[in-house]
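The values are calculated or read from the model by the stated rules, or taken from the named source; none is laboratory data. Remember, it's a predicted structure, so these values are computed and weren't measured experimentally. Because the Cβ atoms are built from the backbone with ideal geometry, glycine has one as well, and the counts that use them run over all protein chains shown. We work out accessible area using only protein heavy atoms, side chains counted, and drop any ligands, DNA or RNA first. Shrake-Rupley method; radii C 1.70, N 1.55, O 1.52, S 1.80 Å.
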Amino acid sequence: MNTLFKAHNFTSYQCDSSRAFHIDFDHKLIKLSFCQLLAFREQIKNIDLETHFSGRNKHGIEILVLCNRSHIFIFDTFECIALKDLMEGTFAMLELNSLLTAGV
Amino acid sequence: MKDIVRQKLSINVEIMDMLNKQIEKEAVSSSAYLAMASWCDHNGLENSAAFFYEQSSEEREHMLKIFKFINDNGGTAYAPEVKSVMHEFNSLEEIFEAALDQEIEITQSIHSLVQKCRKLNDFTTEYFLQWFVNEQMEEEQLMRRVLELFDLMRDEPLKYIDERIPGLREE
Ligand SMILES: [Fe+2]
Ligand SMILES: [Fe+2]
């Protein structure tokens, strides 16, 4: 497995042989197809951190359901920030890899 | 490392995000036209109402076209959320002006998408968008023709202008 990106306690990997991605949430490792990774990215993107600080999100947590509802996660503000970093970094690495592959 | 992303997705991820935003814009347009149709209906302007119903369904078709394109190419299209549609208007002329403004906005948004495709060498999407570039040109022209009608027939009853609306689409 190739490590793509690490942010706080979260790490993303790409597995060439299964053509899939993995995210290690420290206590749990989940496998995602590319489609599921896209869906996860969209959920992370849609988290409005502003609501955590303005008090509109009273408890400062986000509940995410992943991979056709096979996983459920609860993240606090700090983790949400890390996840945003993780997704940005992961997709930047994937983009870089695409450029390198196309260049060869 | 394999390029799995490329194996699964034939368009650029960033472009995919922009296309999803475009889906939202087409949906907003579709709703906005529906609101305009409703106003015309209430004000006895049958032909203008029919015009905007037709516009509304065209915008929905545009939305679906992009939706399908994203999914067919391995991406994920998201069903758009539409909020706060404007329902209050002063006059039919104001409505057509708003319609032209809306089309110009969409044109600009399509153009910046094409620009981005060029920058990222996404020729697949650029080719796909050519249809939209052309469509936008026609849409703008259509709205301008209607507004010209208002300039020409300023002293005529609104009813007469309404009667001329269906003919403009065929031109
Ligand atoms: Fe459109
Ligand atoms: Fe349009």
Inset, instruction - Looking at (1) surrounded by fewer than 22 Cβ atoms within 10 Å (Cβ to Cβ); (2) within 16 Å of ligand 2 (Cβ to nearest atom), find the lone condition where residue B:99 falls short. - result: (1)
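So that you can scan it fast, the table gives a plain yes or no per residue for (1) assigned to a helix (DSSP H, G or I); (2) within 16 Å of ligand 2 (Cβ to nearest atom); (3) away from every other protein chain (no Cβ under 14 Å); (4) open to solvent by less than 30 Å² (accessible area, probe 1.4 Å):
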| residue | (1), (2), (3), (4) |
| --- | --- |
| B:84 | no, no, yes, no |
| B:107 | yes, yes, yes, yes |
| B:110 | yes, yes, yes, yes |
| B:116 | yes, no, no, no |
| B:121 | no, no, no, no |
| B:125 | yes, no, yes, yes |
Inset, instruction - Would you confirm whether any residue within region A:48-64 is within 24 Å of residue B:12 (Cβ to Cβ) and either within 14 Å of chain B (Cβ to nearest Cβ) or buried (at least 18 other Cβ atoms within 10 Å of the Cβ) (or both)? - result: no
Inset, instruction - Using the structure shown, decide if residue A:68 is out of contact with any strand residue (DSSP E or B) (no Cβ under 9 Å at 6 or more places or on another chain), part of a loop (DSSP other than H, G, I, E, B) and within 14 Å of chain B (Cβ to nearest Cβ). - result: yes
Inset, instruction - Would you mind telling me which numbered condition in (1) assigned to a helix (DSSP H, G or I); (2) touching a strand residue (DSSP E or B) at 6+ places or on another chain (Cβ under 8 Å); (3) open to solvent by 30 Å² or more (accessible area, probe 1.4 Å) residue A:102 fails? - result: (2)
Inset, instruction - Kindly provide the set of residues from region B:15-47 that are open to solvent by 20 Å² or more (accessible area, probe 1.4 Å) and either more than 16 Å from ligand 1 (Cβ to nearest atom) or farther than 16 Å from residue B:106 by Cα (or both), ordered by number. - result: B:17, B:34, B:38, B:39, B:41, B:42, B:43, B:44, B:46, B:47
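Could you list, in sequence order, all residues of region B:48-66 that are open to solvent by 40 Å² or more (accessible area, probe 1.4 Å) and within 14 Å of the chain's Cα centre (by Cα)?
Narrowing region B:48-66 to residues open to solvent by 40 Å² or more (accessible area, probe 1.4 Å): B:50, B:53-54, B:57, B:60-61, B:64-65.
Those that are open to solvent by 40 Å² or more (accessible area, probe 1.4 Å) and within 14 Å of the chain's Cα centre (by Cα): B:53, B:54, B:57, B:60, B:61, B:64, B:65.
Can you pull out every residue in region B:65-82 that is in a loop (DSSP other than H, G, I, E, B) and within 16 Å of ligand 2 (Cβ to nearest atom)?
Of all residues in region B:65-82, those in a loop (DSSP other than H, G, I, E, B) come to B:73-82.
Answer for region B:65-82, where residues must be in a loop (DSSP other than H, G, I, E, B) and within 16 Å of ligand 2 (Cβ to nearest atom): B:80, B:82.
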Inset, instruction - Scan B:54, B:105 and give me the residue that is among the charged types (D, E, K, R), over 25 Å from residue B:13 (Cβ atoms), modelled with pLDDT of 95 or more and within 15 Å of ligand 1 (Cβ to nearest atom). - result: B:54
Inset, instruction - Scan region A:71-99 for residues that are open to solvent by 100 Å² or more (accessible area, probe 1.4 Å), out of contact with any strand residue (DSSP E or B) (no Cβ under 9 Å at 6 or more places or on another chain) and within 13 Å of another protein chain (Cβ to nearest Cβ) and report the count. - result: 1
Inset, instruction - Please indicate, with yes or no, whether at least one residue in region B:48-64 is within 14 Å of chain A (Cβ to nearest Cβ), more than 14 Å from ligand 2 (Cβ to nearest atom) and aliphatic (A, V, I, L, M). - result: no
Legend entry - Any pair with Cβ under 6 angstrom, 6 or more apart, that starts in region B:16-38 at a residue that is of a type in the set (Asp, Glu) and ends at one that is within 12 Å of ligand 2 (Cβ to nearest atom): B:26/B:59; B:26/B:62; B:26/B:63
Inset, instruction - Determine whether region B:121-133 contains at least one residue that is of a type in the set (A, V, I, L, M) and under 22 Å from residue B:12 (Cβ atoms). - result: yes
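What about residue B:149, is it away from every other protein chain (no Cβ under 14 Å) and within 16 Å of ligand 1 (Cβ to nearest atom)?
Values: away from every other protein chain (no Cβ under 14 Å): yes; within 16 Å of ligand 1 (Cβ to nearest atom): no.
So residue B:149 fails the test.
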